[in-house]
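> Could you have a look at this structure, given as structure tokens, before my questions?
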Amino acid sequence: MNLILLGPQGSGKGTQAEMLVKKYGFNYVEMGNILRSIANSDNSKSGLVKEYQARGELVPDEFVRLIAWDHLNKQDKSKGFLFDGYPRTLAQYEHVDDMLRKFGQKIDKVVYIMISEEEVIRRLSARRTCEKCGNIYNLITNPSPNGGKCVCGGKLVQRTDDKPEAIKKRLSWGYANEVKEVAEKNGVLLEIDGKRPIEVIHQDIVQKLGLA
Ligand code: AMP
């Protein structure tokens, strides 16, 4: 089975992806990470990737297609793929569809974890980082056991890009609306209510995908 996981930052998408990969052994394709490792390597394109990532802009589709093709080809295709943070555009969706067809497979479901923009802002603006050791907490979902301070005793601060205005800016392409629309048109969209506890969401996904 091949799955695409969609959802805005703060939707818990990454956590759900991890749980599914651990339990069902999918090949995990997290494009942000793949691109980061290219940016930090001696690849001739590392500079280009770094520039896009630093600006928070999407790396061009054609480049991502080549990276994805190279990556997917090296995996054990019988395990299926779980795509996270990819595809993010219509062209990328078509590339994924095309690559899977070449393997004799298809996109089985696009799981969209829904939470409102208000909730995203509420969750992300509750994030706090330790000035001293860099530990990350969330006042709502993962508070420090040491009250207003980090376990190391450091002061907890809010990063400037976790303030509501910056969050809104970051979210402008994060929702991957084009991907959601094409998935709906193709009858493979599965919408999941993301405003529930992590385990409840996981069970819902597993059940609706018939994995249970
Ligand atoms: P993320 O780790 O998902 O927040 O992605 C970090 C950065 O990697 C983004 O700001 C983009 O520059 C790049 N990136 C991640 N996924 C994609 C993608 N599917 N297409 C193009 N660029 C991407």
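> How large is log10 I(q)/I(0) at q = 0.10, 0.18, 0.21 Å⁻¹ when the Debye formula is applied to the Cα atoms of region 1-111, each weighted equally and without solvent?
Taking Cα atoms of region 1-111 as identical point scatterers yields -0.28, -0.93, -1.24.
> Further, regarding this structure: Which residue fluctuates the most in the chain, going by a Gaussian network model with Cα springs under 10 Å, if the choices are Y24, Y112, Y93?
Maximum among the listed residues: Y24.
> Same structure again: When the helix-only estimate is applied to the chain (DSSP H runs of n ≥ 4, each -39,500 (n - 2.57), divided by the residue count), what is the mean residue ellipticity at 222 nm, nearest 500 deg cm²/dmol?
The per-residue figure over the chain is -13000 deg cm²/dmol.
> Would you mind counting up the charge near L189? Only other residues with Cβ under 12 Å from its Cβ, with Lys and Arg at +1 and Asp and Glu at -1.
0
> To the nearest whole percent, what portion of all C-alpha pairs in the chain is separated by more than 30 angstrom?
27
> Whole Å is fine, so just give me how far the alpha carbon centre of region 1-64 lies from that of region 99-148.
14
Quick note: the coordinates plus some simple rules give every number you see, no bench work behind them. On a predicted model such as this, the values are computed, not experimentally measured, just so you know. Counting neighbours? That spans all protein chains shown, and the Cβs are built from the backbone with ideal geometry, glycine included.
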